[in-house]
Amino acid sequence: EPEVTQTPSHQVTQMGQEVILRCVPISNHLYFYWYRQILGQKVEFLVSFYNNEISEKSEIFDDQFSVERPDGSNFTLKIRSTKLEDSAMYFCASIGRTQAGGYTFGSGTRLTVV
Amino acid sequence: SQQGEEDPQALSIQEGENATMNCSYKTSINNLQWYRQNSGRGLVHLILIRSNEREKHSGRLRVTLDTSKKSSSLLITASRAADTASYFCATDGLAGTALIFGKGTTLSVSS
């Protein structure tokens with residue numbers, strides 16, 4: 001069954017450093033998303049991406065965040081200057097033209113900012 | 001906000017019993033979805049119910065949707081220890097728009 005792949009599975013970074021989280025969505029999917037989940041809290045929407053541009057973003061997705069689809073397969077989330085409160089699980093998801101199967105989520109990247 | 005909000009927050013049952021989780025949301029939706037998350041893992045899609053559907057089944061799962069009350073329920077019948085996980089409802093509006101998740105119900109099934 002097709003999967004959304006995320007790398008790395010765990011990243012530890014120092015406060016103020018830039019991090020790039022990587023995702024390979026399902027190849028024929030059209031819509032891509034990043035979500036985050038702070039430990040013990042709910043899953044929060046960050047940004048959606050369609051047709052090579054951001055289609056929707058939340059208040060969390062401020063100027064420190066950016067997304068890119070550099071090569072037609074990878075979908076990246078960059079955090080320019082990490083803060084302690086950026087520590088969370090970051091999930092990538094994708095969906096095709098129809099939503100019959102729901103969104104397919106990756107297994108996540110655990111980001112720890114120290 | 002069209003957040004889904006689940007209740008109860010936590011549910012503990014014995015194997016073989018049924019588990020019912022409820023979800024309420026605030027605004028009109030295109031569809032409502034239920035996801036499962038094992039501790040520290042990713043989200044797994046369980047079932048999607050469209051706004052014009054009232055009930056849907058998938059294996060041991062039964063989902064109902066009442067758009068007049070803006071609520072949904074997820075029933076897991078004959079629960080197993082392996083069903084232990086957090087369950088989230090999520091709503092969206094138009095195709096391609098973001099899913100908005102509720103806070104989840106943590107289900108614990110003991111053998």
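Each value in this text was obtained by applying a stated rule to the coordinates, not by laboratory testing. Quick caveat: nothing in here was measured; it's all calculated off a predicted structure. Methodologically, a virtual Cβ is constructed for each residue, glycine included, from the backbone with ideal geometry; neighbour enumeration extends over all protein chains shown.
Of the residues B:THR97, B:THR67, B:THR20, the one that moves most in a GNM of chain B with alpha-carbon contacts below 10 Å is B:THR97.
Put a plus charge on the Cβ of each Lys and Arg, a minus charge on the Cβ of each Asp and Glu, and nothing anywhere else: the dipole of the protein assembly as shown about its Cα centre is then about 280 debye. Dividing the C-alpha radius of gyration of the protein assembly as shown by 2.2 N^0.38 Å, with N its residue count, gives 1.01. Pairs spanning more than 20 Å between alpha-carbon atoms, out of A:LYS57/B:LYS70; B:LYS26/B:LYS69; A:LYS42/B:LYS26; A:LYS42/B:LYS69; B:LYS56/B:LYS103: A:LYS57/B:LYS70; A:LYS42/B:LYS69; B:LYS56/B:LYS103.
Dividing the C-alpha radius of gyration of chain B by 2.2 N^0.38 Å, with N its residue count, gives 1.00. How many angstrom lie between the C-alpha centres of the stretch A:1-31 and the stretch B:1-59? Centre-to-centre distance over Cα atoms comes out at 26 Å. The phi-based Karplus calculation (6.51 cos²θ - 1.76 cosθ + 1.60; θ = phi - 60°) puts the 3J(HN,Hα) values of the stretch A:16-22 at x, 7, 8, 10, 10, 9, 10 Hz, whole numbers, x for Gly and Pro. Over all other residues within a Cβ to Cβ distance under 15 Å of A:GLY96, the charged ones net out to -2, with Lys and Arg as +1 and Asp and Glu as -1. Between A:THR5 and B:GLU15, the modelled label-to-label distance comes to 3.6 nm, taking each label 7 Å out from Cα in the direction of the beta carbon. Think of the stretch B:1-86 as having a plus end and a minus end, set by charges on the Cβ of Lys, Arg, Asp and Glu; of B:SER58, B:SER68, B:ASN31, B:ASN31 sits farthest toward the positive end of this dipole.
Just so you know, the Rg over Rh for chain A is 0.95, from Cα atoms, with Rh as the Kirkwood radius. Ordering B:LEU107, A:PHE61, A:MET15 by Cα displacement along the dipole of the protein assembly as shown toward the positive end leaves B:LEU107 in first place; charges were set at the Cβ atoms of Lys, Arg (+1) and Asp, Glu (-1). Each Lys and Arg Cβ is given +1 and each Asp and Glu Cβ -1; about its Cα centre, the stretch A:5-113 then shows a dipole of about 300 debye. Within the stretch B:64-111, the proportion of Cα pairs with more than 16 Å between them is 55 percent. Normalised by 2.2 N^0.38 Å, where N is the number of residues, the C-alpha radius of gyration of the stretch A:65-114 stands at 1.37.
The charge dipole of the stretch B:21-111, taken about its Cα centre with unit charges on the Cβ of Lys, Arg, Asp and Glu (plus for the first two, minus for the last two), comes to roughly 80 debye. The residues neighbouring A:ARG36, those whose beta-carbon lies less than 14 Å from its own, together hold a net charge of 0 under the Lys/Arg +1, Asp/Glu -1 convention. Cross-link reach is defined here as a Cα-Cα straight distance under 14 Å, omitting same-chain residues fewer than 8 places apart; for A:LYS78 the aspartates and glutamates meeting it are A:GLU18, A:ASP62, A:ASP63, A:GLU68, A:ASP86. Over chain A, what relative contact order in percent results from Cα pairs under 8 Å that are six or more residues apart? Over chain A, the number comes to 39 percent. If we count every other residue with Cβ under 15 angstrom of A:CYS23's Cβ, Lys/Arg +1 and Asp/Glu -1, where does the sum land? Net local charge, A:CYS23 excluded: +2.
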